[in-house]
Each structure stands twice: as C-alpha cells, then as structure tokens.
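Engineer: My questions will all concern the structure given below.
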Amino acid sequence: SGAELMLRKPYFSKVRRIVVKIGSSSLTENGVLSAKKISSFASDISFLVKKKYEVIIVSSGAISAGAGLLGLKREKMSIPQKQGMAAVGQTVLMKEYSKAFEKFSISVGQILLTEEDFKSRVRYINIRNTVNELLKLGVVPIVNENDTVAVNEIKVGDNDTLSAYVTNTIDADLLILLTDIDGFYYNLSDEKCADIVEKIDSRVFSAAKGSGSVHGTGGMQTKLKAADMVTKSGKLLSIAKADEKSVISRVVLGEKIGTVFLPSEKYIHGKKRWISFNMQVKGKIIVDEGARKALVGANKSLLPGGVVGSTGKFSSGDGIEISDLNGVVFAKGITNYSSAEIEVIKGKKSIEIKKAFGESYYEELVHRDNMILINQG
C-alpha cells in the first residue's frame, strides 16, 4: 500500500551502491548449482544496473559447484578436499554467472578475499580501488571468500560477515542478505517477519538465540552481526527471501518485502570504521587518569606526556588498544611510535621528544583522527 511505501521510500531514495549476498542454498538445487536460479538473479540485477545502480555480489556456492561437478557429497569432505572443491568450483560458478549476465551484455569480474585482506590497511584500500574501477567500467564484481587457501586463522568464516566487510570497505549504501527465510522474527510464533528494525538492541539479539526453527534462526546470529556492523557505519541492511520473484529490485525500490535494518543515528565514518571493525591489535598503551580524561571527555589526541607504559611488541603504524591504570581498555587506534620508542618517550614533553627524534618526531602518539573510543556506555 501507499502508506507502507512511504515508510521505506525515504531510506531507499539515496541508495546507489548495493551489495547482494547470495547463499549456497539460494544458488543450488538438490546440492547442485542451478543455472536457472543464477539466471534469475542476473536478470534482476541487470534491471538495476540499467537503471544506473551499482551492484556487487558476494556469492557462496564454490564448494557445492565443485562437488556437483565431480559427483561428491559435501558432508563427507575433509578440509583439503573442500579447498580442492572450491578451486574446481570457482571456475564453474564464474562460468555460470558470466553466461547469465552475458544475456544482458554485462561483464562480471571475480574478487577472492580472506580476512587478512581487510585487516591490512593497504589491501583494504586496494579492494576499494579495484571495486571502484570495475564499477566504473560497468562490470559486476563477484566476491567470494578464497576457500582454496583460507584456513580458520585467516577465514572470515561466513559470507554474511564477509558481505558486511565488503559493504563497509567499498562504502555501499545497502547490503541485501538473501536467504531461505523471509526476514527477521522477534518471536517464532509471529506470523509475519518484522518490517523495519530501527535499532539493534539486546531484544533483537536475544530473538536470534533460538536455533534452526521454522524460521531458520540458526544463521540469524551471523546476519545480526552483519547488520550491527553495517548499520553502525550508517548503512541500510535488508534480509529477504531469495526465491521471491525479483526480490533484489523490489527491496531496492522500497517495496515492503523482508526486514529492513535502519542506520544508527550516530555512525562511524571512513578510517575510523576500519579501526573499529577490521584493524588487528598488536599491543596496548597504558595511560594515566589525566590522559584518559583528555581522550574521553575532550576528544583530544594522545600525547606521550600521559603515557605510563605499553605491552606487546608493535611498530609505528600498527593497531593498538589504549587502557587506563586499572587495565580497562577504552580506546583503540593507530600508533605513530613503536613499542620500543614508547619506552623512550613516555611521560615526556614535546620539546624533549623533538630533541631525541629530531624533525621526524610526531607530536601525538595517537592522533584523534586515527582513534575511536570504545565501551563508552
């Protein structure tokens, strides 16, 4: 109805760049890759591309595609076998996508990523540049976790989280998680899924605790984790049922379908987003009460004068946590000095540091533009 469209329309009116996550079950039929399903997603996405939307796909299905081609059962595979299947399956998967989009004169490009790629600031920026370039050329990027090399240590682990990382990295406006349920349910007894979730709070998280029910909340926790990441970065997220006709374009055009999670009122921008969600922490800097107050209360940079010491071994440019004298971590950021240098400069004034380091010294140990406060209620 018109009134319902009014609710969603304003949020979707500014959407231009969209990430669509398509899970294995949405791409396969009886465990085998379905050309028909891929073809219908391609048709839906092409409609948006022709309307000047930019669409990036995060796709599952490589292992299933490899297993289907070689006639093996996924459930019985060891990790090396799954990695082998992913290698075989990547080409099968891309061939199907390529064929499906060719009908609409659209090219596709593949990007394989692991968690490491998001943790390194340089690679993070490279991902963004690559995607921007592909979109400029009118290519639809297809992202997948690089399962051929990914072991648990470097694995994002699930494509809901991977698609949230991608959304934040390339600054998309909307993430659509396509799944086999029609949205998010507060109560399993509800007949309809929630239409709009304004805030992800403890009530929302506890609704996802039940597992594998009628509404398949088994995977709902990873979807909420993704929603939390994306909405805290000022983006929209939608959970919708993959087999609804033209589901992607209907979500984008603001139709009442699935559940929409609205952006947080206060959200994290640019570099701070990377610090918040991706940065690897290499050590800790301990500060006195005066420094803590300056950082928390007055939004100041961290100067060496308020530093008491550090733990861990890190270099200039690494990610660190900042804690008070009681060991409570209240901030994290990028350090300008190594752990060895901190031992030399802690508690000292700028003029003394300049003497020690000459012109190459930094006034701030951690600049406020490279720092975020955490656990502040």
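Engineer: At 0.36 nm per residue, minus the direct Cα-Cα distance, what do residue 348 and residue 196 gain on full extension? Give it in nm, one decimal, please.
Structural biologist: Once the chain is fully extended between residue 348 and residue 196, it gains 49.5 nm.
Engineer: Hey, can you grab everything whose amide H is under 5 Å from the amide H of residue 197? Only 5+ residues off in sequence or another chain; H modelled, so Pro and N-termini drop out.
Structural biologist: 260, 261, 262
Engineer: Note down the magnitude of the dipole of the chain about its Cα centre, charges +1 on Lys and Arg C-beta and -1 on Asp and Glu C-beta and zero elsewhere, to the nearest 20 debye.
Structural biologist: Using only the charged Cβ atoms, the result is roughly 540 debye.
Engineer: Calculate what fraction, in whole %, of the accessible area of the stretch 208-322 sits on carbon and sulfur atoms when a 1.4 Å probe is rolled over the protein chains.
Structural biologist: Here it works out to 49 percent.
Engineer: Rank by packing, highest mean first: peptides 271-277, 302-308, with packing defined as the count of other Cβ atoms within 10 Å averaged across residues.
Structural biologist: Result, highest mean Cβ count within 10 Å first: 302-308, 271-277.
Engineer: Something else: Taking a 30 Å limit on the Cα-Cα distance, which of the listed pairs 76/241; 82/256; 192/235; 225/346; 225/272; 82/223 fall beyond it?
Structural biologist: Going by Cα-Cα distance, 82/256; 225/346 fall outside the 30 Å limit.
Engineer: Spelling out what I want: for every residue of the stretch 269-285, take phi, set θ = phi - 60°, compute 6.51 cos²θ - 1.76 cosθ + 1.60 (Karplus), and round to whole Hz; glycine and proline get x.
Structural biologist: 9, x, 4, 5, 5, 5, 4, 5, 10, 10, 4, 8, 8, 9, x, 9, 10
Engineer: Solvent-accessible area per residue for the chain at a 1.4 Å probe radius, Å²?
Structural biologist: Each residue of the chain exposes 48 Å² on average to a 1.4 Å probe.
Engineer: Which residues in the stretch 264-282 place their backbone N less than 13 Å from a point set 7 Å from the Cα of residue 374 along the Cα-to-Cβ direction?
Structural biologist: Within reach of a label on residue 374: 273-282.
Engineer: Can you classify the stretch 232-376 as rounded, prolate or oblate using the Cα gyration tensor, where a ≥ b ≥ c are the square roots of its eigenvalues, rounded means a/c under 1.5, and otherwise it's prolate if a/b beats b/c and oblate if not?
Structural biologist: Cα axes put the stretch 232-376 in the prolate bin.
Engineer: With Cα extents along the principal axes in Å as the read-out, I listed (1) 63, 51, 43; (2) 70, 48, 40; (3) 68, 54, 35; which label goes with the value calculated from this structure?
Structural biologist: Of the labelled values, this structure produces (2).
Engineer: Within the stretch 1-82, which GluC sites (Glu not before Pro) sit in a loop by DSSP and count at most 14 neighbouring Cβ atoms inside 10 Å?
Structural biologist: In loop regions of the stretch 1-82 (DSSP not H, G, I, E or B), there are no sparsely surrounded GluC sites (Glu not before Pro).
Engineer: Considering Cα pairs under 8 angstrom that are at least six residues apart, work out the relative contact order of the chain and quote it in whole percent.
Structural biologist: Answer for the chain is 15 percent.
Engineer: Using the beta-carbon distance between residue 367 and residue 32 and R0 = 51 Å, what value does 1/(1 + (r/R0)^6) give for FRET efficiency, to the nearest 0.05?
Structural biologist: Plugging the Cβ-Cβ distance into 1/(1 + (r/R0)^6) gives 0.45.
Engineer: Write out the GluC sites (Glu not before Pro) in the stretch 315-369 meeting two conditions: DSSP loop, and at most 16 other Cβ atoms within 10 Å of their Cβ.
Structural biologist: 363
Engineer: Then there's this: Report residue 286's accessible area, 1.4 Å probe, all protein chains in place, as a number in Å² to the nearest 10.
Structural biologist: Accessible area, nearest 10 Å²: 40 Å².
The values are calculated or read from the model by the stated rules, or taken from the named source; none is laboratory data. The shown structure was predicted, so the numbers you read here are calculated from the model rather than taken from an experiment. Quick reminder, even Gly has a Cβ in these numbers, built from the backbone with ideal geometry, and neighbours come from all protein chains shown. Note: accessible area is taken over every heavy atom of the protein model, side chains too, but ligands, DNA and RNA are not part of it. Shrake-Rupley method; radii C 1.70, N 1.55, O 1.52, S 1.80 Å.
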